[in-house]
Amino acid sequence: MEIDADGAYRAYHPNNRLGLDTIKDAGRPGNWWALATDTGKPNGRPVIQRKGDPAPGFYVSMTALYDSSIEDEHNPKRFVDAATIPYVVLPPEGFRHAKLGDFATVVNLENGKVAGAIVADESAPGLPMGEGSIALANLLGIDSNPRTGGIEQGVAYVIYPASGNGEPRPTGEITNRSQAYFTRWGALRHLHSCLQ
């Protein structure tokens, strides 16, 4: 599992050393895929949070899943905060089966920790499954540093297609709903039988 900082208020900063993650993971001039821009297009200039925003001076970092009730595309609260919300990132192929906002369960097979999550972002085409938010890594006992953390193997993802409503959810609801789906699915016993 690689660690995704997208949506976190302090994910990226004009001074690359200050962001939770390196700016190259947000794109590059002319092609910003993880930053809100002044034009709303990848070739625009990245928007910087102002006074009154959660992290003034940091860029506004986006996730594919967002709160549709917040119309301002430059409002950092519109997006799913990687630092506080457990979420997974799917490659484009994964969206043949699941949608943004669907619930998931993620299991660290190394230590047995289980965490509920929500599908909140999309990775570049061709990348394998295996990204999770900072908050998800913390719940699973995985080094959550977006620059240096993550784990090479031993993480299982169970996604529940058509389980969400296409909107972000609070952590408590993510935990409870994912746990109910995991139990109904057969929990660890069924997961281990699938992995044999």
Positions within segment 63-98 being under 15 Å from the mean Cα position of the chain (by Cα) and among the hydroxyl-bearing types (Ser, Thr, Tyr), in sequence order: 63, 66, 84, 87
Residue list for segment 176-196, filter: in contact (Cβ under 8 Å) with a residue 60 or more places away in the chain and closer than 16 Å to residue 86 by Cβ: 176, 177, 178, 179, 181, 182
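Which one is nearest to the chain's Cα centre (by Cα) among residues in segment 99-136 that are in a strand (DSSP E or B) and of a type in the set (S, T, N, Q)? It would help to see each step written out before you state the result.
Of the residues in segment 99-136, the ones in a strand (DSSP E or B) are 103-108, 114-122, 131-133.
Okay, now just the ones that are also of a type in the set (S, T, N, Q), so 105, 108, 133.
Details: 105: 13, 108: 17, 133: 4 Å.
Out of the qualifying residues, it is 133.
Give the residue, chosen from 133, 144, that is in contact with a helix residue (DSSP H, G or I) (Cβ under 9 Å, 6 or more places away or on another chain), of a type in the set (Ser, Thr, Tyr) and farther than 21 Å from residue 186 by Cα. Spell out how you get there, then give the answer.
Working: 133 fails: in contact with a helix residue (DSSP H, G or I) (Cβ under 9 Å, 6 or more places away or on another chain).
Checking each option against the conditions leaves just 144.
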Looking only at segment 76-107, and only at residues there that are β-branched (Val, Ile, Thr) and crowded, with 22+ Cβ neighbours inside 10 Å, the one that is nearest to residue 168 (Cα to Cα): 80
Checklist (1) loosely packed, with under 14 Cβ neighbours inside 10 Å; (2) of a type in the set (A, V, I, L, M); (3) at negative phi applied to residue 162, failing item: (3)
Matching residues in segment 41-71 - criterion: being polar (S, T, N, Q) and assigned to a loop (DSSP other than H, G, I, E, B): 43, 49, 63, 68, 69
Flag for residue 37 being without any contact (Cβ under 8 Å) to a residue 24 or more places away in the chain, crowded, with 19+ Cβ neighbours inside 10 Å and hydroxyl-bearing (Ser, Thr, Tyr): yes
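Of the residues 151, 174, which single one is closer than 25 Å to residue 21 by Cβ, crowded, with 18+ Cβ neighbours inside 10 Å and touching a Pro at 6+ places or on another chain (Cβ under 9 Å)? So that I can check it myself, show each step before the final result.
Details: 151 fails: touching a Pro at 6+ places or on another chain (Cβ under 9 Å).
From the options 151, 174, the qualifying one is 174.
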Selected residue (criterion: farthest from residue 64 (Cα to Cα)) from residues of segment 8-40 that are aliphatic (A, V, I, L, M) and in a helix (DSSP H, G or I): 18
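When you go through 168, 146 one by one, which is the residue that is part of a loop (DSSP other than H, G, I, E, B), buried (at least 18 other Cβ atoms within 10 Å of the Cβ) and in contact with a strand residue (DSSP E or B) (Cβ under 6 Å, 6 or more places away or on another chain)? Can you show your working first?
Numbers: 168 fails: in contact with a strand residue (DSSP E or B) (Cβ under 6 Å, 6 or more places away or on another chain).
That would be 146, the only listed residue that is part of a loop (DSSP other than H, G, I, E, B), buried (at least 18 other Cβ atoms within 10 Å of the Cβ) and in contact with a strand residue (DSSP E or B) (Cβ under 6 Å, 6 or more places away or on another chain).
Values in this text are rule-based calculations from the coordinates and carry no lab data. Remember, predicted model here, so these are calculated numbers, not experimental data. Every residue, glycine as well, gets a Cβ built from its backbone with ideal geometry; the counts of neighbours run over all protein chains shown.
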